[in-house]
């Protein structure tokens, strides 16, 4: 069975995670300063929500990659740990094999 690469290519349009956090910090500082108008505060808040969603998506992708790599390391053919997991939850094995 061919090994699937579940790691998506980095989206050129999306900023790196650290950059996103830095932008969020800047927005929070601007909002907390109290110097923005109501309109500017709403725009900054909307941008913060967008950045938060982007950061969560990047974290989810990283978590999925870690889980996949961990499962690949644990699921060598004949691996007793894999057999134990399959016996405990047969549906887990099916989901890894594409839900036959």
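Just so you know, all these numbers are worked out from the coordinates, no wet-lab data involved. Since this is a predicted model, take the numbers as computed values, not measurements. All Cβ positions, even for glycine, are placed from backbone atoms using ideal geometry, and neighbour counts span all protein chains on display.
Some values worked out for this structure:
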read-out: Extension reserve of the residue 26-residue 71 stretch, reckoned as 0.36 nm per residue once the Cα distance is removed; value: 12.4 nm
read-out: Largest to smallest principal axis extent of the C-alpha atoms in the stretch 15-73, angstrom; value: 53, 16, 15
read-out: Peptides 18-25, 32-39 ordered by average Cβ neighbours within 10 Å, highest first; value: 18-25, 32-39
read-out: Sorted peptide list for 42-49, 67-74, criterion being average Cβ within 10 angstrom, highest first; value: 42-49, 67-74
